[in-house]
Amino acid sequence: MRRSRKPLTNQHNATAYAFLLPWLIGFFCLTLGPMLYSLYLSLTKYNLLTAPKWTGFSNYIEIFKEDETFSNSMWLTIKYVFLSVPLRLVFALLIAIVLNKGIRALGVYRTIYYIPSLLGGSVAIAIVWRQIFDGNGLVNQMLSWFGISGPSWISHPSYIIYTIISLSVWQFGSAMVIFLAGLKQVPADLYEAAQVDGANKVRQFFRITLPILTPVIFFNLVMSIINSFQAFTPAFVIGDGRGGPLDATMFYTLYLYMKGFSYFDMGYASALAWIMLLVIGIFTAIIFVTSKYWVFYGDSKEGR
């Protein structure tokens, strides 16, 4: 019997590897290979015109010791992440709660609210956003109805970051759909028992809904942080494409792009990319480590 099973097992393994082969080719040739090559370039001086020249950790030393734009762009990106991610998740959760009330034509509303997530990262929407928040744009025209003279949001270095954050919050659709799926998994009998005990809606939300949704919040939080650190198009289009005004839109990804494709310093840009990867990894690791204190799973022994 054992002899007859081995060929069948090998045949199943060969079939499985055959189906995996396109993914494996893509992973090694389009993901892992370029990543390892960029790691090598980060240790070299390379300007696309001459062969890479090995310089060791000189790019990293220059970034941390001499590059003020690096630290400014990093802090600006972290500020953007810390403001945009919580606002987007809270807004997505509020809309999901409203849609979970059993309103009619739920599919239509769900599609309408999801569309911004598909279009929000495009150049066209960023251009529209730039027109809306211009000095004579729609926002200032609405403010003028109340006698308020609004500033030119995209020209003022203190306000343009909030214009980009508002665009990020507007792209709440994907998180909203996941929250909505999570809300539908909350058992109705828990709310009925809470009503019998006299718990009001607010208490039900914080004692029942929010704890059960923590795995969904955990997933949305991780994905939103990773995506927000990679924000590029809004900063490039809503700003002037060079980080202006006064470096107020010099996001980390924009600075990396300029180093690589404006100044052709590919070695330096590769080092910046690997630092970004480490920063995203650190933030993600912190969320995973702290998740045992605030993420609750129903099938775990301690209820976490």
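Checked across the range 213-221, the condition of being free of Cβ contacts under 8 Å to residues at least 24 places away in the same chain, open to solvent by 50 Å² or more (accessible area, probe 1.4 Å) and either in contact with a strand residue (DSSP E or B) (Cβ under 7 Å, 6 or more places away or on another chain) or in a helix (DSSP H, G or I) (or both) holds for no residue. Considering the range 61-79, the residues that are among the acidic types (D, E), without any contact (Cβ under 8 Å) to a residue 60 or more places away in the chain and part of a helix (DSSP H, G or I) include one that is farthest from G244 (Cα to Cα), namely E66.
Identify, from the list F91, F82, the residue that is open to solvent by 70 Å² or more (accessible area, probe 1.4 Å), under 30 Å from I208 (Cβ atoms), in contact with a Phe, Trp or Tyr (Cβ under 9 Å, 6 or more places away or on another chain) and assigned to a helix (DSSP H, G or I).
Selected residue: F91, the only one of F91, F82 that is open to solvent by 70 Å² or more (accessible area, probe 1.4 Å), under 30 Å from I208 (Cβ atoms), in contact with a Phe, Trp or Tyr (Cβ under 9 Å, 6 or more places away or on another chain) and assigned to a helix (DSSP H, G or I).
Evaluation of D189 against the conditions (1) more than 28 Å from N72 (Cβ to Cβ); (2) modelled with pLDDT of 90 or more; (3) of a type outside the set (G, A, S) shows that the sole unmet condition is (2). Residue-level analysis places Y268 among those that are in contact with a Lys or Arg (Cβ under 9 Å, 6 or more places away or on another chain) and of a type in the set (F, W, Y). If we scan the range 150-168, do we find a residue that is among the β-branched types (V, I, T) and either part of a loop (DSSP other than H, G, I, E, B) or on the phi > 0 side of the Ramachandran plot (or both)? Yes: the range 150-168 contains one or more residues that are among the β-branched types (V, I, T) and either part of a loop (DSSP other than H, G, I, E, B) or on the phi > 0 side of the Ramachandran plot (or both).
None of A181, A194, A175 is within 21 Å of L118 (Cβ to Cβ) and surrounded by 15 or more Cβ atoms within 10 Å (Cβ to Cβ) except A175.
For the range 260-290, a tally of residues being over 30 Å from T214 (Cβ atoms) and of a type in the set (S, T, N, Q) returns 2. Scanning the range 35-52 for residues that are loosely packed, with under 11 Cβ neighbours inside 10 Å and touching a strand residue (DSSP E or B) at 6+ places or on another chain (Cβ under 6 Å) gives no hits.
How many residues are among the aliphatic types (A, V, I, L, M) and within 20 Å of Y268 (Cα to Cα) when one looks only at the range 11-69? Count: 11.
The values are calculated or read from the model by the stated rules, or taken from the named source; none is laboratory data. The shown structure was predicted, so the numbers you read here are calculated from the model rather than taken from an experiment. Neighbour counts are summed over all protein chains in view; Cβ atoms, including those assigned to glycine, are modelled from backbone coordinates with ideal geometry. Surface areas here come from the heavy atoms of the whole protein model, side chains and all, with no ligands, DNA or RNA. Shrake-Rupley method; radii C 1.70, N 1.55, O 1.52, S 1.80 Å.
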